[in-house]
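The structure appears below as structure tokens.
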Amino acid sequence: MNEQPEPLRRASSLARGSNRGRLVEVLRRQGPLPRVELARSTGLSFPAISAITSKLMAEDLLCEAVTETATVWPDDTDEEDTDGLNGRRRGRPAVSLTLNPEFGRIIAVSLRMNLIETLIADFSGSALAQSRLELTTRALDAAALCDLVIAQIDVMIDATATPRDRLLGIGIALQGIVDSDTGRHLWSPALSITDVDLATPVRQAFGVEVVMANDAVAVALALAAAEPALAQGLTATIMVGHGVGMGVVVDGEARDGAGAGSEIGHVKLAPNGPQCRCGQRGCIEAHLADYALYRDARTFLDLPPAVSQQPSEAQMALLRARARAGDPRLEQLFRQAGHALADAVATTISVLRPHHIILAGPGLQAFDMMRSAYEERLERAVLPWLLKSTAIHVRPSESATIVDGMVRRTLRVVDRNHMETTE
């Protein structure tokens, strides 16, 4: 038999890898499914699904999950067998396939102001253990930062008795500007150092893929996974809390490289406005982020100083409580924050025209006090027909969402790499 020419062999291999990847992606999105439903969801024939799943099960990437219920299909065996499903549609115990949780482990690290949070998950994305380390992050130099991240990863490995060869990938989310292509941290308000190669030392320490992303991208992925309706089309998530950032996902997935994360918080509202942590003045963040609100409140209230200029959750909760109690100066402060939030949303709509905007992060716990000023400003700042084309959702997410989203991002990269290297 004549061999296929090289271009045809390569195209055939890519097609097989694409089909395997499509199947794994469906299981990640929908959970355990019987082979019949996998065929429908992927658009592949039943024989193709059988061949692919047999190989993935032999690799221990998939396993069977047997349910007690029976799935009854219409008796259509007299119809033409166009999809290879006839004869397999009568009621019998439904045997679903699922991603094998024991295939490997993923570790996600979130580095933000005065906190390093670490989570280890199995191959299905379920969390196994988590840790939080509070420290003064701006006191770290480059070597200490890398050593500390590696040590926290080791803590997760030891806590779950994970063999080193079962570790598949590590994801690191940072507050600030990240070059995800090179794995370099360029700038972050959480650190006093800039332009640090964080990915290479971690990769050398553990011998696995290291995925870097802005923390707003991780939040965007976690929210899109939790609410599939928000994953349709282009979704921009504006993260408000310690700072103000934006993550962009398309159909529930982050773009690779530049463009996935945006520093919307450093768009200038007024050249001579309040001081921003980036060193410039008048940024959206300087009106809206927690540190800015607390800093401005201290000019007229007797409040204790924040550690490294970053107020704690308790300090921000106290500030919100006093504003809701009727302090007119704090009420005005949150109205100004509402104006800044509206400017961030207006800029996003005008530039990206997203299908969805999600306003997320702990800073949105004060949205009730920003809302009227935000809505008034937004109506004046955006063309009416543009405003109507974007659905806006408010989700005051918890910090754990960052590591959840980073697990998801890292798993997608691991899936893709595994499909490419096994074909």
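Quick note: the coordinates plus some simple rules give every number you see, no bench work behind them. Because the structure is predicted, anything quoted here is derived from the model rather than measured. Cβ: placed from backbone, ideal geometry, glycine included. Neighbour counts: every protein chain shown.
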### Query
What shape does the range 211-304 take by its C-alpha gyration tensor, where a ≥ b ≥ c are the square roots of the eigenvalues and a/c under 1.5 counts as rounded, a/b above b/c as prolate, and the rest as oblate?
prolate
### Summary
Taking every DSSP bridge whose two residues both lie in the range 227-399, the antiparallel percent to the nearest 5 is 60
### Task
For the range 227-399, evaluate the Debye formula with one uniform point scatterer on each Cα (no solvent term) and list log10 I(q)/I(0) at q = 0.19 Å⁻¹, rounded to two decimals.
-1.28
### Query
Hull surface divided by four, with the convex hull built on the Cα atoms of the chain: how many nm²?
26.2
### P(r) weight above 19 Å for the range 203-255, C-alpha pairs, percent
34
### Query
So how far apart, in nm, are the two label points at D251 and W385 if each is 7 Å from Cα heading toward Cβ?
2.8
### Summary
Ordered by fewest other Cβ atoms within 10 Å, a rough proxy for footprinting exposure, W385, W187 read W385, W187
### Message
Kirkwood hydrodynamic radius, computed over distinct alpha-carbon pairs, for the range 325-423: how many Å, to one decimal?
### Response
15.9
## Note on the structure
For the range 153-288, using Cα atoms only, the Rg and Dmax in Å read 16.8, 55
### Query
Quick one: what Rg and Dmax do you get for the range 156-216 from the alpha carbons, in Å?
12.7, 35
### Nearest-ten-degree value, helix 313-324 long axis tilted from longest Cα axis of the chain
60
### Task
Run the dipole for the chain about the Cα centre, Lys and Arg Cβ at +1, Asp and Glu Cβ at -1, nothing else charged, and hand back the magnitude in debye, nearest 20.
960
